[in-house]
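Please read the structure below before turning to the comments.
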Amino acid sequence: MSDKVNELKVQNLTKLYTLVLLKSKNAVTGYFILKKLSDDLGKTSSPTYVYQFLKNLEKEGYIEKVENKDSKRSKGYSLTPSGAAFIDRIFSRFDNLIDVAIQSKLKICASCGVKLYTDYHIETIHGKEMNFCCVHCAGAYKTGHDENHKH
Ligand SMILES: [Zn+2]
């Protein structure tokens, strides 16, 4: 059986962010993950859910417990080489999704390249609808455009 078929599913932000955190530090505890989910994303996640995901990752051999010499409590989990490869596979998949989401939603100013979210300026130039952050950028674009394309 191919291990691709049985690959652990990362279908939500809680799991994805858990992977981000595992990649960002040497040892990560469930408590740290829950705190970061809450601090960084404003997400209150079920500890059971996060710990279960960590257990599954450990079962797959993607992470391993880091023992703490000074205390009975473990320092948390650290990534194994196969876990790092797993995360790279997941991230490259999400990269594509993020690219698609950005391309479909995000517009940029045709003049200065700034990202446009709402209330941007649309102007039709040479029959083509173009997006600008402001009228000044539209003006600058038209001036530059006409100078570059003088016949
Ligand atoms: Zn602009």
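Observations on the structure shown:
- Asp95 being at pLDDT below 90, outside any helix (DSSP H, G or I) and either over 20 Å from Thr18 (Cα atoms) or under 23 Å from the mean Cα position of the chain (by Cα) (or both): no
- Of the residues making up the range 19-63, those that are of a type in the set (Gly, Ala, Ser) and either more than 18 Å from Phe91 (Cβ to Cβ) or surrounded by 14 or more Cβ atoms within 10 Å (Cβ to Cβ) (or both) are Ala27, Gly30, Ser38, Gly42, Ser45, Ser46, Gly61.
- When the range 35-87 is filtered for residues that are in a strand (DSSP E or B) and either in contact with a Pro (Cβ under 6 Å, 6 or more places away or on another chain) or at positive phi (or both), only Gly76 remains.
- Under the condition of being in contact (Cβ under 8 Å) with a residue 24 or more places away in the chain and either within 9 Å of the ligand (Cβ to nearest atom) or among the acidic types (Asp, Glu) (or both), the residues counted in the range 106-126 number 4.
- Here the range 127-151 is the region considered, the condition is being part of a loop (DSSP other than H, G, I, E, B) and modelled with pLDDT of 70 or more, and the residue that is farthest from the ligand (Cβ to nearest atom) is Gly127.
The values are calculated or read from the model by the stated rules, or taken from the named source; none is laboratory data. Because the structure is a prediction, the values reported are computed rather than measured. As a convention, Cβ positions derive from the backbone with ideal geometry for all residues, glycine included, and neighbour counts pool all protein chains shown.
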